[in-house]
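Here's the structure, in structure tokens; my notes come after.
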Amino acid sequence: MRELYNRRQWGALAGVTVTATALIATLTPSAAAAEISEPPSWDSIITAALLKRVSEGTGTVSDVNAVRRDPELAKIVPDPSRTETTVQEAVFTEDGKAVGADGNPLTTEQLANVMPPASATPSNAADEVITPEETEVDEGTTTALAATARITGGRWKMTHITHTHRSYLGSVIFKYHTYAEFNYGSGKVRAWGTRYDDFTNVQSIVDIGDRLIVNTKSRVPATSATTMMKRKAQLCVVKYGCYATLYPWAKTQVYGTGKTKYAGSGV
């Protein structure tokens, strides 16, 4: 959206048999190359199988406990029960001021936490999939319409969702951010603005896909509209290979009243 630039200026293996051949085949190219001159030890092969089971959610209680007891492993294995979601929003009034969900003005620092940083990747319009127009109406429409009907040209709102992925040790593996900007007024989502995604606090074990594997937004104007972004991220260690594949995603549904709803997944 053209106005975005100005606004951003503000600032134990029970019952499991594992063969070395099968596991070596799952190593990353760099790991596979290394094993030619330095074959992986049996211990590393066993550990790779353990990491894969626990990461995929097929491990036993004993498997999970084995990971928890080893700080080195606990730091690199994602714990889906520790995924955190936070939402930050800013609404821009007709006079250009940014306010929060409570209507109070945002400080420069607060606004900076909502707006996408320079490192964020803007959605490529050529890759976007436009889904059909939605007809869902905000349950609070009766009250809200009276207010939005008086807004000439609608209002712009930026929504920033952060999914924090943590390990069994509690350390951050990565944070996945999505940003969606939309204009609303008179009971309608009038237009989409800019949409971005970004990764921060990334451990060296994380290999992030170059492109969004899901990048959709629904047709507007409409009484409600939905945007969704999804990426692929692999967790890889030379000694163990790639043992986990995560698909962080975020979905935001917005309404013509300015209300927003969120959904997302850790793995």
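If a residue counts only when it is under 17 Å from Ala263 (Cα atoms) and at pLDDT 95 or above, which strands (runs of 3 or more DSSP E) contained entirely in the stretch 164-231 have at least 3 such residues?
Numbers: elements: 172-185, 188-200, 206-208, 214-218, 224-230.
By residue number, 172-185, 188-200, 214-218, 224-230.
Taking the stretch 101-142 as the search range and keeping residues that are modelled with pLDDT under 90 and under 19 Å from His160 (Cα atoms), which one is surrounded by the most Cβ atoms within 10 Å (Cβ to Cβ)?
Checked the stretch 101-142; the qualifying residue surrounded by the most Cβ atoms within 10 Å (Cβ to Cβ) is Ala101.
Considering (1) in a strand (DSSP E or B); (2) under 17 Å from Glu136 (Cβ atoms), say which one Gly258 fails and leave the rest.
All conditions are met except number (1).
Could you list all residues from the stretch 42-78 that are of a type in the set (Asp, Glu) and under 17 Å from Ser167 (Cα atoms)?
Here is the first cut: in the stretch 42-78, the residues of a type in the set (Asp, Glu) are 43, 56, 63, 70, 72.
The answer is Glu56, Asp63, Asp70, Glu72.
Residues in the stretch 67-76: is at least one in a loop (DSSP other than H, G, I, E, B), among the aliphatic types (A, V, I, L, M) and either at pLDDT 95 or above or in contact with a helix residue (DSSP H, G or I) (Cβ under 7 Å, 6 or more places away or on another chain) (or both)? Steps first, answer last, please.
Taking the stretch 67-76 first, the residues in a loop (DSSP other than H, G, I, E, B) are 70, 75-76.
Filter again for among the aliphatic types (A, V, I, L, M), leaving 76.
Restricting the remaining residues to those that are either at pLDDT 95 or above or in contact with a helix residue (DSSP H, G or I) (Cβ under 7 Å, 6 or more places away or on another chain) (or both) gives 76.
Scanning the stretch 67-76, I find at least one residue that is in a loop (DSSP other than H, G, I, E, B), among the aliphatic types (A, V, I, L, M) and either at pLDDT 95 or above or in contact with a helix residue (DSSP H, G or I) (Cβ under 7 Å, 6 or more places away or on another chain) (or both), so the answer is yes.
List pairs: first residue in the stretch 108-133 and at negative phi and in a strand (DSSP E or B), second residue exposed (fewer than 14 other Cβ atoms within 10 Å of the Cβ) and basic (Lys, Arg) anywhere in the structure, Cβ distance under 6 angstrom, at least six positions apart or on different chains.
Ile130/Arg219
Output the number of the condition that Glu181 fails; it satisfies all remaining conditions of (1) surrounded by fewer than 18 Cβ atoms within 10 Å (Cβ to Cβ); (2) under 17 Å from the mean Cα position of the chain (by Cα).
It fails just one condition, (1).
The values are calculated or read from the model by the stated rules, or taken from the named source; none is laboratory data. Since the model is a prediction, treat every value here as computed from it, not as a measurement. No Cβ is skipped: glycine too gets one built from the backbone with ideal geometry, and neighbour counts run over all protein chains shown.
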